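The values are calculated or read from the model by the stated rules, or taken from the named source; none is laboratory data. A quick note: this is a predicted structure, and the numbers were derived from the prediction, not measured. When we count neighbours, we look across all protein chains shown, and the Cβ atoms used for this are built from the backbone with ideal geometry, even at glycine.
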Amino acid sequence: MTAAAPVAGPGTETAPQNGTETAAGTGTGTGRRRMPLVLRNRAFGAVWLGQVLTQAAVRMFQVGVSWWIVAYAVHDARGLASGLFMAACTLPAVALAPVVAGAVARFAHRSVLRTAAALAGAASGALALWAYGGGLPLATVYAAGLALATCQAFFDPCLTTSVPELVDDADIEAATGFELSTQSLAGLGGALLGALTVDRAGLAGLAAGCTAAYLGAALLVTGAQLPHRGHRRRGRRSSTRRTRPGGGARCA
């Protein structure tokens with residue numbers, strides 16, 4: 001004769017079978033958390049990719065022009081000429097810091113990002129046409145490097161400020177990690193492609209490659225759905241169902 005299974009009393013909790021616990025939405029939330037942030041958040045992914053392109057382009061231009069100065073353009077005082085160019089490229093980030101902060105706080109972030117990338121593309125495109133025609137003065141190359149560095153000085157802080165508006169609160173740490181990784185990607189890819197492009201295609205080819213990268217970044221930012229300035233996305237709280245003594249359920 002088979003014994004009847006014991007019935008749980010009003011004050012007892014039923015242990016989960018097979019040692020597993022269930023929670024509403026746990027599987028879905030875990031699956032989403034495992035996906036990279038740039039795939040889950042298309043707006044952030046587009047803006048982040050735009051930053052990769054712009055930083056790689058400016059790094060490629062700086063390294064490529066430095067190599068062009070040393071190997072082709074200057075015969076005397078090569079180190080001084082190359083050093084002055086690199087020093088000029090670092091000035092905008094320091095000298096224009098108050099102006100950049102005011103522009104980022106006043107104007108829409110997508111407008112600042114798009115304008116910076118588009119102006120950098122126009123400057124590098126004009127340099128490419130001039131270099132292709134020949135007779136390019138060294139001072140013009142210095143001015144182009146200064147212009148690209150100025151545009152980048154607006155792009156990077158604006159993207160950093162836009163992170164809380166692009167991602168949920170729970171994803172800010174991951175978004176910051178992606179943004180910091182851009183520096184390594186730009187340094188690795190840009191430094192390699194800069195000197196290589198100058199040797200293969202000359203200064204005109206270098207400027208044309210930078211133009212394509214900047215215009216691509218401008219298109220990515222234009223297509224991204226950025227929220228209005230001042231709007232902050234908040235993360236969703238996942239609710240789990242807990243069993244109360246007596247058989248009822250509550251949400252935590």
When every residue in the stretch 143-173 that is surrounded by fewer than 21 Cβ atoms within 10 Å (Cβ to Cβ) and β-branched (Val, Ile, Thr) is compared, the one farthest from Thr211 (Cα to Cα) is Ile172
Taking first residues from the stretch 28-47 that are within 29 Å of Arg114 (Cβ to Cβ) and second residues anywhere that are exposed (fewer than 13 other Cβ atoms within 10 Å of the Cβ) and at pLDDT below 85, the pairs with Cβ under 8 Å that are 6 or more apart or on different chains are Arg40/Arg32; Arg42/Gln225; Ala43/Gln225; Gly45/Leu39
Flagged in the stretch 73-95 as over 15 Å from Gly145 (Cβ atoms) and touching a residue at least 24 places away in the same chain (Cβ under 8 Å), in numbering order, are none
Among (1) touching a Leu at 6+ places or on another chain (Cβ under 8 Å); (2) part of a helix (DSSP H, G or I), Leu136 falls short only on (2)
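For the stretch 30-46, name all the residues that are out of contact with any Leu (no Cβ under 6 Å at 6 or more places or on another chain) and surrounded by 18 or more Cβ atoms within 10 Å (Cβ to Cβ).
Selection gives Leu37, Asn41, Gly45.
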Only unsatisfied item for Arg106, checking (1) under 24 Å from Leu196 (Cβ atoms); (2) loosely packed, with under 13 Cβ neighbours inside 10 Å, is (1)
Tyr72 passes all but one of the listed conditions (1) under 26 Å from the mean Cα position of the chain (by Cα); (2) hydroxyl-bearing (Ser, Thr, Tyr); (3) modelled with pLDDT under 95; the exception is number (1)
